[in-house]
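Report on one structure; see the data block that follows.
The values are calculated or read from the model by the stated rules, or taken from the named source; none is laboratory data. Since the model is a prediction, treat every value here as computed from it, not as a measurement. Positions of Cβ are generated from backbone atoms using ideal geometry, with glycine treated the same way; all protein chains shown enter the neighbour counts.
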C-alpha cells in the first residue's frame, strides 16, 4: 500500500540507525583506555554511517531552534560525551547480527556508498578550495539517509530502489514510481528536517554532493562504463580540472578509502584496489592531487607528518601519461591480476576514446600470451611479422576487443609476484609503432618495476 510523505515519516518514526560490529568493538576498546581522546573516537565513528547519523540526530534533536544545526561529527561527539557513546554502542541494533541476511547486505551496500561518497565530496572540496568541507561531507552522508531508513523499515521497497540505475533526476523519478505518492528526495529532506539536521540548500556545492553520490554508486560495478563516463564529465565541469587529474585522484581516494573501510566488512569499488601496493612518493612528485591522508582530514584529525603516500595506480597513471607525452603512444592500459591470480581485468585506461579495452577480461592461463607473460618479467611487441607465430595464443574475444595487430605488452611484478600487464598500442598520430616506441614503453614499465623493488 502506498504512503504519503507524512505517513512515511510516521512509519519510520524514531527507528534508530544500526552500528557496525567493528565500530562497536573499536569504541569499546578505546573507552577502556585511559589515554583515549575524542579525536580517536571521532576517527572511528566517522567511518560508520549508522552511528554518525545517530550522533547527529542525538546532538541536534534538542538543540535550540535558533542555533544552526551541528554538521560536524568532530563537534558532535565531544558534546554528547563518552557516556552517551558507551550507552549507544550497547543499545543500538548491530548491523551484522540484528537483521536478516537480505537487510544486512542492503545496509552494507548503502553504508559503503555513503562512506565513499563522503570521501569523494571531501576530494571535490579540496580541489575547489571549499571553505566548509565538513558541510559537504555531512551532506554526502545524509544524502543516503532515506535509503538507509527504507532498508530498516521497508526492505522490499529499498531493494527495488537499489536496483535503479544512474543517479540524479532520472533515478529520482524512477524511485518516485516505486514509492507511488512520495519522492525519495522529499523523504530524505523531511527526515533531515524532522531530525533538525543540517540541510544544504540547492547550489553548485550541492551538485558536487550529487556527483559524489553518482561516482560512489556507479564505481561499485566498475570504473569504466558509459554511465561512469557521463558522471566523470559532470565532475570535470564541477571542479574545472582535467579529466586525467580527476580520474587519478578518484582512484587514489577509492584505494585509500578501500583499505580503511573494507576491513570493516563494507563492499568496495573494484576490489582489486585493495591489493595495490602502497608506495612512498618521491619529494619531487609530492604535488599530486591524490592524498591518502584525506581520510584523516575527513575525520577531523591532523594528518601525519610522514611523507605523502600514493597507490600503485597513481604511479602507473604517471607512466601512462609519459607514454603519451614522451613516447607518443595513443592508447595505454593496465590489466590487473586478481587476488586469486586466475583472471586479468582492465583496471586503468589513460586518455583514450576507444572504450572496448575497458572491458578486457581474460584468464591468466599458460594457454594464452597474457598468462605466459606472468611467469616472469618480460615484454613483447606483437606485430604483423610475428602475428602468425603468436596468433593462437591470443583469445578470439581479446582480438575483437583490442582490434589491433600492432601492440606492446609487458608484465609487472611486485615482491617477485606478478600483479598485471601493461598494454599500449597506436601512436597518437596514427603512424606505425617503431623500435624507438617499444624501447620507450619498456623503459617506462621498467621505471614502475624499479619503484616496486625499492619497497
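Does region 132-140 contain at least one residue that is at pLDDT below 95, in a loop (DSSP other than H, G, I, E, B) and not assigned by TED's automatic domain parsing to the domain that holds residue 9? The answer is yes; a qualifying residue exists.
Yes/no per residue for (1) more than 18 Å from residue 345 (Cβ to Cβ); (2) in contact with a helix residue (DSSP H, G or I) (Cβ under 6 Å, 6 or more places away or on another chain); (3) at pLDDT below 80:
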{"position": "380", "(1), (2), (3)": "yes, no, no"}
{"position": "407", "(1), (2), (3)": "no, no, no"}
{"position": "423", "(1), (2), (3)": "no, no, no"}
{"position": "429", "(1), (2), (3)": "yes, no, yes"}
{"position": "436", "(1), (2), (3)": "yes, no, no"}
{"position": "443", "(1), (2), (3)": "yes, no, no"}
{"position": "454", "(1), (2), (3)": "yes, no, yes"}
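Looking only at region 207-225, decide whether some residue is out of contact with any strand residue (DSSP E or B) (no Cβ under 8 Å at 6 or more places or on another chain), surrounded by fewer than 15 Cβ atoms within 10 Å (Cβ to Cβ) and either assigned to a helix (DSSP H, G or I) or modelled with pLDDT of 85 or more (or both). So far as region 207-225 goes, no, none of its residues is out of contact with any strand residue (DSSP E or B) (no Cβ under 8 Å at 6 or more places or on another chain), surrounded by fewer than 15 Cβ atoms within 10 Å (Cβ to Cβ) and either assigned to a helix (DSSP H, G or I) or modelled with pLDDT of 85 or more (or both).
What about residue 68, is it touching a residue at least 12 places away in the same chain (Cβ under 8 Å) and loosely packed, with under 13 Cβ neighbours inside 10 Å? In short, yes. Residues in region 54-94 that are modelled with pLDDT under 90 and part of a loop (DSSP other than H, G, I, E, B): 62, 63, 64, 65, 66, 67, 68, 69, 70, 71, 72.
Considering the conditions (1) closer than 26 Å to residue 37 by Cα; (2) assigned by TED's automatic domain parsing to the domain that holds residue 17, residue 67 is excluded by exactly one of them, (1). Filtered by the rule that a residue be part of a loop (DSSP other than H, G, I, E, B) and either surrounded by 16 or more Cβ atoms within 10 Å (Cβ to Cβ) or in contact with a helix residue (DSSP H, G or I) (Cβ under 6 Å, 6 or more places away or on another chain) (or both), region 393-403 gives 394, 395. Considering (1) assigned to a loop (DSSP other than H, G, I, E, B); (2) in contact with a strand residue (DSSP E or B) (Cβ under 6 Å, 6 or more places away or on another chain), the lone condition that residue 51 does not fulfil carries the number (1).
All conditions in (1) outside any loop (DSSP other than H, G, I, E, B); (2) without any contact (Cβ under 8 Å) to a residue 24 or more places away in the chain hold for residue 34, with the sole exception of (1). Mind listing just one residue for me: the one in region 16-29 that is surrounded by fewer than 18 Cβ atoms within 10 Å (Cβ to Cβ) and without any contact (Cβ under 8 Å) to a residue 60 or more places away in the chain and, of those, nearest to residue 140 (Cα to Cα)? Applying the filter and picking the extreme gives 25. Report yes if some residue within region 39-47 is at pLDDT 90 or above and assigned to a loop (DSSP other than H, G, I, E, B); otherwise report no. Looking through region 39-47, at least one residue is at pLDDT 90 or above and assigned to a loop (DSSP other than H, G, I, E, B). Scan region 323-351 for residues that are touching a helix residue (DSSP H, G or I) at 6+ places or on another chain (Cβ under 9 Å) and buried (at least 17 other Cβ atoms within 10 Å of the Cβ) and report the count. Result for region 323-351: 20. The numbered conditions (1) at pLDDT 90 or above; (2) touching a helix residue (DSSP H, G or I) at 6+ places or on another chain (Cβ under 9 Å) are all true for residue 10 except (2). Taking the listed residues 411, 367, 449, the one that is within 20 Å of residue 348 (Cα to Cα) and free of Cβ contacts under 8 Å to residues at least 60 places away in the same chain is 411, with no other qualifying. Considering 109, 146, 175, the condition of being more than 26 Å from residue 6 (Cα to Cα) and assigned by TED's automatic domain parsing to the domain that holds residue 222 is satisfied by 109 alone.
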